[in-house]
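Only one structure is covered here, and it is reproduced in the block below.
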Amino acid sequence: MRRKKYRGYQTKKQTGQKFKELLLAMRQRGDLILPPERELCEILECSRETVRRVLETEEAAGTIIKKGQNRALSLESAGNKTSLGHFAFVSGGTNMIGNPAWNKLWLTLHEKAETAGITSELILLSSRTTPEEYPFLFRDIPDVIVISTIGKKAVDYLRTLPEKLLISVEANYENLVENIIAPDAYKTGWLAAEKLYEHGYRRPALIRYEFSKKESAPYIPFHRRYLGFMDGCAHYGMKYGPESEFSMRGREYQKYMDMGKIAAAINKGPFDSAFLYSDDYLPFYYEAFSECRRIPEKFGLITVNSQDIAVEYSPHVSSCSHCTFPMATTLVSYITKYFKSGNTNIGRIYLGPKYHEGKTLKQLETVMV
């Protein structure tokens, strides 16, 4: 038999998308067993080698499992024979979401959605994606779209699509998108100041990311986090002024150079604690501070658990949550309402953070008030 050739070029991502659509159709029909590889080649319009790569990827992700000589939908993903609905999570990245905080949210959201009987897909926009590619990338996008960091041009394009429920987890898009479910960055900064005060610190420093002059406006979540911390310090009577702020900016290597200088300046100064705007570079910060002053006896450290580095670091670093689980739960709740009633009235929901107890603030029983 002559091997069938497919003339149209198709990327692995496009093949993977077709495969996800096949799985969605199977779930809706209640089918569990996948067609054989030869038939999948016909359905997906690709070579057997490409089919095998896609199957290996899905097996590794736990979406499908081997069942005798066949492959089947996993019980976890196929537990609901009919899907309540389907949504897309659109973010920036190449092979995975580039921002670990949003990748953490996507994994949690995907799991909670599956449990609720909702299927989901991930659409990635790389730094090389051009607006000319949007019509193809978003051609069959479902009615519900959740977006994180994708850029204004992509947001503007998605806004033009008719009859779509667009939800942003980025407060930075609040002037573009009506529906926002995001962390309350102002309360995050305030909570950091509050915890430093409760644990006996009175002269904090703030390490923040400073946007370059070329950028038209500051990144809203970081800016509000800074304002919340500054107002919290004022509320609790802690000594805080312009000299308490340390900024870094630029590319990765520049940030590392800045952090070394910042750590040295803080340790030489009158400060007794520091609030790190995020746990992105936490190991470097921690080592730089602890070399000069013992943590937490002589120096307090608190951050935001954006990427789970704070709660996984040894010892655990005191931190404010990034609201990953509340965001995922709230998103699933409103997406479910949409599929059941067509309700698109979400508005702006900003979720308050929780405090993760760590080992980088003095124990409360030792604090002298």
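The values are calculated or read from the model by the stated rules, or taken from the named source; none is laboratory data. The shown structure was predicted, so the numbers you read here are calculated from the model rather than taken from an experiment. Cβ placement follows ideal geometry from the backbone for every residue including glycine, while neighbour counts extend to all protein chains displayed. Accessible surface areas use protein heavy atoms only, side chains included; no ligands, DNA or RNA. Shrake-Rupley method; radii C 1.70, N 1.55, O 1.52, S 1.80 Å.
Below are the figures for this structure:
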item: Global form of the stretch 171-232, assessed from the alpha-carbon gyration tensor, a/c cut-off 1.5; result: oblate
item: Estimated FRET transfer efficiency when R0 is 41 angstrom, pair Leu24-Ser247 (beta carbons, to 0.05); result: 0.30
item: Shape call, the stretch 275-345: gyration tensor on alpha carbons, a/c limit 1.5; result: prolate
item: Length-normalised contact order for the stretch 314-367 - Cα pairs under 8 Å, 6+ apart - percent; result: 64 percent
item: Packing-based order for 50-58, 274-282, using average beta carbon neighbours within 10 Å, highest first; result: 274-282, 50-58
item: Segment Arg38-Ile349, length gained on full extension (0.36 nm per residue, minus Cα span); result: 107.1 nm
item: DSSP-defined beta bridges in the chain - what % are antiparallel, rounded to 5; result: 20 percent
item: Relative contact order [Cα under 8 Å, 6+ residues apart], the chain, whole percent; result: 15 percent
item: Potential extension, Ala116-Glu287 segment - 0.36 nm per residue separation minus Cα distance; result: 57.3 nm
item: Inter-label distance, nm, simple model (7 Å from Cα along the C-beta direction), Arg53/Ser127; result: 2.3 nm
item: The stretch 233-300, relative contact order in percent, only Cα pairs under 8 angstrom and at least six apart counted; result: 28 percent
item: Debye, to nearest 20: dipole size of the chain, +1 on Lys, Arg Cβ, -1 on Asp, Glu Cβ; result: 840 debye
item: Highest-first arrangement of 122-134, 322-334, 32-44, where packing means the average Cβ count within 10 Å; result: 322-334, 32-44, 122-134
item: Prolate/oblate/rounded label for the stretch 246-369 (Cα gyration tensor, a/c 1.5); result: prolate
item: Peptides ranked, highest mean first, by Cβ atoms within 10 Å: ranges 148-158, 225-235, 181-191; result: 181-191, 225-235, 148-158
item: Signed unit charges on C-beta, dipole axis of the chain, positive-most listed residue Tyr281, Ala310, Tyr186; result: Tyr281
item: Accessible surface, the stretch 236-354, averaged per residue in Å² (probe 1.4 Å); result: 47 Å²
